[in-house]
Each structure stands twice: as structure tokens, then as C-alpha cells.
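I have placed the structure first, in the form of C-alpha cells, so that the comments after it can refer back to it.
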Amino acid sequence: MPTYSVGDLEIPSTPDDLWVWLRGNDRGKLFHQSRKIEEICLPAFEITSAIDSFQYDQNRDLSGYEDGTKNPHGEDAINTAILLEDDNGIIGSSFVAVQQWVHDFVILDEMSVEEKDDAIGRHISDNEEYDAPTSAHVKRSAQEDFDPEAFMLRRSLPWAMGMDGGLMFVAFGNSFDAFEAIMERMVGEDDGIVDALFKFTTPITGSYYWCPPVKNGKLNLSALGSNFTK
């Protein structure tokens, strides 16, 4: 992932070799499954981080605002998240951007509802957009306003550890173009207007990963020069 700058803030690139995403409703089962995966990967890999995410109030971020409102659905979601046309042997792949954002809850608590609404661009009460300032996150990241449109399939979830918390941003695409276009707009590279989201939250990690295609129920790693599937 490229690095970005917002004033004195550096948005980092923290690449890793392997990202494993486990999903489920039983945290105990996920914990034991994680241990088994760690055992399989050792000694070739060592864990650099393990983040436990969860669902909050159906689909809200810990700031209280709904997340992923304009996610594509059905066929649009497939076209957005999966590479369907390619001549390099990676048809069926997906590409995912992963960032861990840390919220400053002291700042959030000090902000009025109006100030938070203006930072997001939606009313927290009903999730409706309104004529918010141009720095509002909704306006900076409106996927349909880009040329070409910058749609991603987001699967972000809140995280918390001790008294720290925020959002694990996870976005799948048929390339990284949409993510990069939106990040450049958020940091104001095109017009100097910085996304108001940075008033209360900061990304501390940033990684890109390739999600291999699946063939006959197995990972197809032929794009890596391998003659077999896993």
C-alpha cells in the first residue's frame, strides 16, 4: 500500500506476507481455530498481529455511525470485488486493502452531534445524507463521483483492545484502483480539502493482499508459477 500524508500525519504502509481472515459467531471457536492455523504456518511465518473484531449494533462503527451504507449488492458486488476478465491467469482473484483505524474517543465525546454529523456527512439519527461541508467523509469518499467510479465491497468491523478501539477497514476490489483514488481524495491530493474523518480517527496500519482464485474448491496458485492447487 502506498503511504499518504495529511499535514503532520503519516498514513503508514505496513505490509505483511499473509493475511488470514476468520469469521464466525463463537469467539472461542475462532480462538482455537487461530491457534491451529498458527501451528500450521510455523516456522515459515510468525504472527505480527491478531485483531479481534466484532459486530456493533448491526452495522455501526464505534463512533455510532452506520458503515458500508453504499456497498454494492448481488451481481454488482461480484463485479466490484472479483476480477472477471484477465489474460494473466488470475481471473477470479480479489484484491483487499486492510487498515486498522484508531479512534480518539475523548475528541468524539467533546464533539457535538452536529459536529460529528458534519464530519461524516450523515445524520447519526437516521443515516440520511444532507448538505454537509465539503470536507465531510461522505463527500470526500463518494464512490460514484469518481471517473471511473470507485466502488469497493467493504467488510469493515469495529475492534477493541483494552480501552482502545476503532475500525478494521477491509475493502475488496477487482484491483486497488478504487481504494487509491478514494484515499488520495481523502488526504486532499486533488484539491487540498482534507477529510474531516481525520479529526477523530487515524490509521495505524495499511496493507494490500491478493486473494487467489478458487478452482474446483481449492486455491488456484498457478499465477505464482505453481503447477498445482492448494
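The values are calculated or read from the model by the stated rules, or taken from the named source; none is laboratory data. Keep in mind it's a predicted model, so treat the numbers as computed, not measured. Backbone-built Cβ (ideal geometry, glycine too); neighbour counts: all protein chains shown. Accessible surface areas use protein heavy atoms only, side chains included; no ligands, DNA or RNA. Shrake-Rupley method; radii C 1.70, N 1.55, O 1.52, S 1.80 Å.
Would you please name the residue that is nearest to Thr205 (Cα to Cα), looking only at residues in segment 1-54 that are of a type in the set (Gly, Ala, Ser) and in a loop (DSSP other than H, G, I, E, B)? Break it down stepwise before answering.
So in segment 1-54, the residues of a type in the set (Gly, Ala, Ser) come out as 5, 7, 13, 24, 28, 34, 44, 49-50, 53.
Then drop every residue that is not in a loop (DSSP other than H, G, I, E, B), which leaves 7, 13, 24, 44, 49-50.
On the way: Gly7: 18, Ser13: 6, Gly24: 24, Ala44: 22, Ser49: 10, Ala50: 13 Å.
Checked segment 1-54; the qualifying residue nearest to Thr205 (Cα to Cα) is Ser13.
Does Ala160 qualify as being touching a Phe, Trp or Tyr at 6+ places or on another chain (Cβ under 9 Å), not acidic (Asp, Glu) and not in a loop (DSSP other than H, G, I, E, B)?
On the way: touching a Phe, Trp or Tyr at 6+ places or on another chain (Cβ under 9 Å): yes; not acidic (Asp, Glu): yes; not in a loop (DSSP other than H, G, I, E, B): yes.
Yes: the conditions hold for Ala160.
Are any residues in segment 27-56 among the aliphatic types (A, V, I, L, M) and free of Cβ contacts under 8 Å to residues at least 60 places away in the same chain, and if so, which ones?
Initial filter on segment 27-56 (among the aliphatic types (A, V, I, L, M)): 30, 37, 40, 42, 44, 47, 50-51.
Within segment 27-56, Leu30, Ile37, Ile40, Leu42, Ala44, Ile47, Ala50 meet the criteria.
In segment 98-117, what residues are in a helix (DSSP H, G or I), open to solvent by 20 Å² or more (accessible area, probe 1.4 Å) and farther than 17 Å from Thr69 by Cβ? Full working, then the answer.
We begin by selecting, within segment 98-117, every residue in a helix (DSSP H, G or I); these are 105-110, 113-117.
Filter once more, so that each one left must be open to solvent by 20 Å² or more (accessible area, probe 1.4 Å): 105-107, 109-110, 113-116.
Across segment 98-117, the qualifying residues are Phe105, Val106, Ile107, Asp109, Glu110, Val113, Glu114, Glu115.
Return a yes/no flag: does segment 69-88 have any residue that is in contact (Cβ under 8 Å) with a residue 60 or more places away in the chain and of a type in the set (Lys, Arg). Working first, answer last.
Here is the first cut: in segment 69-88, the ones in contact (Cβ under 8 Å) with a residue 60 or more places away in the chain are 70-72, 76-77, 79-84, 88.
From what's left, of a type in the set (Lys, Arg): 70.
For segment 69-88, residues in contact (Cβ under 8 Å) with a residue 60 or more places away in the chain and of a type in the set (Lys, Arg): present.
I'd like the full set of residues that are open to solvent by 70 Å² or more (accessible area, probe 1.4 Å) and at pLDDT 80 or above, limited to segment 218-230.
Selection gives Lys218, Leu219, Leu224.
When you scan segment 4-45, how many residues do you find that are loosely packed, with under 11 Cβ neighbours inside 10 Å and in contact with an Asp or Glu (Cβ under 8 Å, 6 or more places away or on another chain)?
Number satisfying all stated conditions: 1.
Only one of these conditions is not met by Gly89: (1) closer than 29 Å to Asp118 by Cα; (2) of a type in the set (Gly, Ala, Ser); (3) at pLDDT below 95; (4) open to solvent by 30 Å² or more (accessible area, probe 1.4 Å). Which number is it?
Result: Gly89 fails condition (1) only.
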